[in-house]
Amino acid sequence: MKPIEIAKDIYDVGVTDWNIRDFHGYSTYLGTTYNAFLILDEKIVLIDTVKKEFADQYLDHIAQVIDPKKIDIVISNHTEMDHSGSLPRVMHRIGEDKPVICSKMGLKNLSLHYRQKFNYKDVENGEMLSIGKRTLNFLETRMLHWPDSMFTYIKEDGILISSDAFGQHYAGWQKFDDQIGDAIMAHAKKYFANILLLYSPKILKLVETVTEAGLNIRMICPDHGILWRKDPKKIINAYVEWSRQVPRKKALVIYDTMWHSTEKMAEAIADGLISEGIDTTVMHLRKWHRSDIMTEVLDAGALIVGSPTLNNGLFPTVADFLTYMKGLKPKNKIAGAFGSYGWSGESVKFIQQELESMKFDVMEPGIRIQYAPDPEGIKSCTEFGKQIGQKLKAPTP
Ligand code: FEO
């Protein structure tokens, strides 16, 4: 895609990565974009770069707007390499003595990533920089989602360049929220659930700070996906809602299976939940990608996890998912464990331990069935599902 003028004299010179399908473990089944912004004012400012593999295309986009050598200042809002990977190429092209503005942690992290020491200038939270008709306001957003993360707010235009926050892994012809409509929200939710969920308390605090600062935000420009110009409040409100993690009457039965015994248990548990009127989905871990399951975890009220015992332990996909979910720190869940086994049967105990370590309200005991469930075993699984459903429906004390 060509560079797009998103506001007068402000361009998105980023690139579209149509073909990426795995973003270090996150399924990007529609690709993504690496957005980067060029401001033409008395000083010419470039905000963020792109993955190094796209450096040629990115430099070409800049050159379609202005001679890259005329760039006066580079801003690095975030060190992760999908946004800083082309920094060495850009600096080589525009002049290696040009200032690179970043947060304090950005200075440290950029120095650790790139051997060449550029002319880094670190800024304080809230610091302002006049570039002519415009003023840039730097807002530190430490741990959203790296220690170096910051936002750049273009005061006169009301444009918040928000780094990874408010992004989505989506590649399409659309550049703005008004061109895609509500269809983008599923992608924004998945992005939140898989990248930002663990920082929910910080997000709530950040929204409070931004609100108190009285920023008149007219457009939010994340570094991935579409830009929010029609209704920037919509994504802010969604972030507040997702960060609160209010559980719905919704259950996920997440499992893997070797010879269909744990699968039969999963389906019987789901029958019990459904009979209680719970919105229930059964998710086989080799049919669903972990990142899509995690999106559903965000607002689920109950997670029931099943694994056969394999070699005295968990089935590998179950261990993978539990590790992934634990890192993202979801909250406010009722949980349960189940699984079939042949002779040792440790899997249910291990799942329970993991669910307890996530501070979920774990139903004791879980259900273990040797080899294959008989009609009594199926009945006990359905009853287990019913009990979880009833607990989920009970008013919160
Ligand atoms: Fe899109 Fe944290 O990088």
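Where a number appears in this text, it was derived from the coordinates with a stated rule and is not lab data. Given the structure is predicted, the values throughout are model-derived calculations rather than measurements. Glycine gets a Cβ as well: all are built from the backbone with ideal geometry, and neighbour counts include every protein chain shown.
Summary table
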quantity: The chain - percent relative contact order, Cα under 8 Å, separation 6 or more; calculated: 12 percent
quantity: Distant-in-sequence amide H partners of TYR120 (H built 1.01 Å from N, under 5 Å); calculated: VAL100
quantity: Derived scalar couplings ³J(HN,Hα) [segment 60-67; Karplus, 6.51 cos²θ - 1.76 cosθ + 1.60; whole Hz; x for Gly, Pro]; calculated: 5, 4, 4, 5, 6, 9, 7, 5
quantity: Placed amide H near ILE44: partners under 5 Å, 5+ positions off or other chain; calculated: ASP72, ILE73
quantity: ³J(HN,Hα), Karplus 6.51/-1.76/1.60, whole Hz, each residue of segment 97-103, x for Gly, Pro; calculated: 8, 5, x, 10, 8, 7, 6
quantity: Spacing of the two label points (7 Å from each Cα toward its C-beta) at THR209 and ALA186, in nm; calculated: 3.4 nm
quantity: Sorted peptide list for 264-270, 106-112, 91-97, 226-232, criterion being average Cβ within 10 angstrom, highest first; calculated: 264-270, 226-232, 106-112, 91-97
quantity: Cα-centre dipole for segment 1-71 with unit charges at Cβ (Lys and Arg positive, Asp and Glu negative), debye to 20; calculated: 80 debye
quantity: Per-residue HN-Hα couplings for segment 381-386 [Karplus 6.51, -1.76, 1.60; θ = phi - 60°; Hz; x = Gly/Pro]; calculated: 5, 4, 5, 4, x, 4
quantity: Reference-scaled alpha-carbon Rg (2.2 N^0.38 Å with N residues) for segment 251-392; calculated: 0.92
quantity: Stokes-Einstein D for the chain, Kirkwood Rh over Cα pairs, 4 °C, 1.567 mPa s (µm²/s); calculated: 57 µm²/s
quantity: Kirkwood estimate for segment 77-235, i.e. one over the average of 1/r between Cα atoms, Å; calculated: 16.5 Å
quantity: Among 44-51, 80-87, 374-381, the order from most to least packed when residues are scored by Cβ within 10 Å on average; calculated: 44-51, 80-87, 374-381
quantity: Net dipole in debye of segment 19-109 [+1 Lys, Arg Cβ; -1 Asp, Glu Cβ; about Cα centre; nearest 20]; calculated: 180 debye
quantity: For GLU383, net neighbour charge (Lys/Arg +1, Asp/Glu -1) across residues whose Cβ lies under 15 Å away; calculated: -1
quantity: Per-residue [θ]222 nm for the chain (sum of -39500 (n - 2.57) over DSSP H runs n ≥ 4, rounded to 500); calculated: -10500 deg cm²/dmol
quantity: C-alpha center-to-center spacing [segment 19-81, segment 106-149] in angstrom; calculated: 16 Å
quantity: Cα centre as origin, Lys/Arg/Asp/Glu Cβ charges: the chain dipole, Debye; calculated: 340 debye
quantity: Antiparallel %, DSSP beta bridges [both residues in the chain], to 5; calculated: 45 percent
quantity: Fewest-first sequence of THR280, THR32 by Cβ atoms within 10 Å of each Cβ; calculated: THR280, THR32
quantity: Amide H within-cut-off set for VAL362, under 5 Å, with H built and near neighbours excluded; calculated: ALA335
quantity: Which listed pairs, of LYS2/LYS230; LYS69/LYS175; LYS8/LYS175, have C-alpha distances above 24 Å, in listed order; calculated: LYS69/LYS175
